[in-house]
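See structure below.
Quick note: the coordinates plus some simple rules give every number you see, no bench work behind them. What you are looking at is a predicted structure, and each value in this text was computed from that prediction instead of being measured. Note: ideal-geometry Cβ built from the backbone for every residue, glycine included; neighbour counts use all protein chains shown.
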Amino acid sequence: MNQNFKLIIASSFFFIHVIANSNDPMNSSYLLNALAQLEQGQNIIFTKYGDGEYNCMIGIKGENCDFDKYHAWLGAALKKALISLSKKNNTYIGRWWHPSVPNFCNKLAAQHNTTIPWAWYHLFMNDDEFLQFDYMYKFVRFIVKTDRKKILLCNGSNSRLKDFFKADVYIELPSQNWSFQYNQWKNTLEPHLEQNAIVLIGGGLCSKVLIDDITNNYNLTCIDIGSSFDLLGRKKNTRGWKHTYEDEIRYYKDFIPSSWL
């Protein structure tokens, strides 16, 4: 079979899958748009609103799957961030699969005369399908090779990702509940911020609040990587993926630090 024809079939399958899982055919184009914008020197914002954010915003007591506690301040801050982020340019907000989450968010946005720029929830995610495509490879290649300042915030279990991404600054966040000391962590980050920096953050629920706050004052790129690189960062499958650590090592082989091998 002709290689170009194979590529067309693969791409079609990929986009069909995205459309089927997002219920919004526009989201398929975001996979290309976000990366193109980065490569053209534009700044983008990506974060996700899932079941944990939803539960916190509606006032449920408890914690999410990563043991991040829900509390009133955080619920209100997540609502405020959602509205604020939705009004910013080049923003992508990952949409959770269950309709209760986007329905609540859409009603909230309508009350503030705005709409949410929904995108595929797995826009930047090492899920079980990324291995078939070069999208995440190109994303990581851009991050690794760019000369823009790179700041990584994540918990200590993923600390070695600082070498993978060649981060200029690494800030170790608590594994859970840093929202209770939000201003402390915001103040820790602020001296490192500059225009056109790239901030990668895997920090749970409060990541959205921090992303909104810093993009109020700086024109920079913020990408909520969440748990996307957990398997690569800690050799532990935190999300039940079927693929293995070795699969990710092979996929990203051109960027793996020699000390990992």
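So the values come out like this:
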quantity: For D127, D134, order by how many other beta-carbon atoms lie within 10 Å, fewest first; calculated: D134, D127
quantity: 22 Å Cα-Cα reach of K150 towards lysines, excluding residues that sit fewer than 8 places from it in its own chain; calculated: K48, K88, K138, K162, K166, K186, K208, K253
quantity: ³J(HN,Hα), Karplus 6.51/-1.76/1.60, whole Hz, each residue of region 45-54, x for Gly, Pro; calculated: 10, 9, 8, 9, 10, x, 5, x, 4, 4
quantity: Sorted by Cβ density within 10 Å, fewest first, the residues C105, C154; calculated: C105, C154
quantity: Cβ-based exposure ranking for T221, T47, T91, in which fewest neighbours within 10 Å come first; calculated: T91, T221, T47
quantity: For the chain, calculated [θ]222 nm from helices alone, where every DSSP H run of n ≥ 4 adds -39500 (n - 2.57); calculated: -13000 deg cm²/dmol
quantity: Normalised contact order of the chain, rounded percent, pairs of Cα under 8 Å and 6 or more residues apart; calculated: 20 percent
quantity: Label assignment, Cα extents along the principal axes in Å derived from the structure, set (i) 63, 51, 29; (ii) 56, 41, 35; (iii) 91, 54, 26; calculated: (ii)
quantity: Fraction of beta bridges assigned by DSSP in the chain that are antiparallel (%, nearest 5); calculated: 5 percent
quantity: Amide H contacts of G203 (H built 1.01 Å from N, under 5 Å, at least 5 apart or other chain); calculated: G226
quantity: Alpha-carbon centroid distance for the pair region 154-191 / region 77-137, whole angstrom; calculated: 22 Å
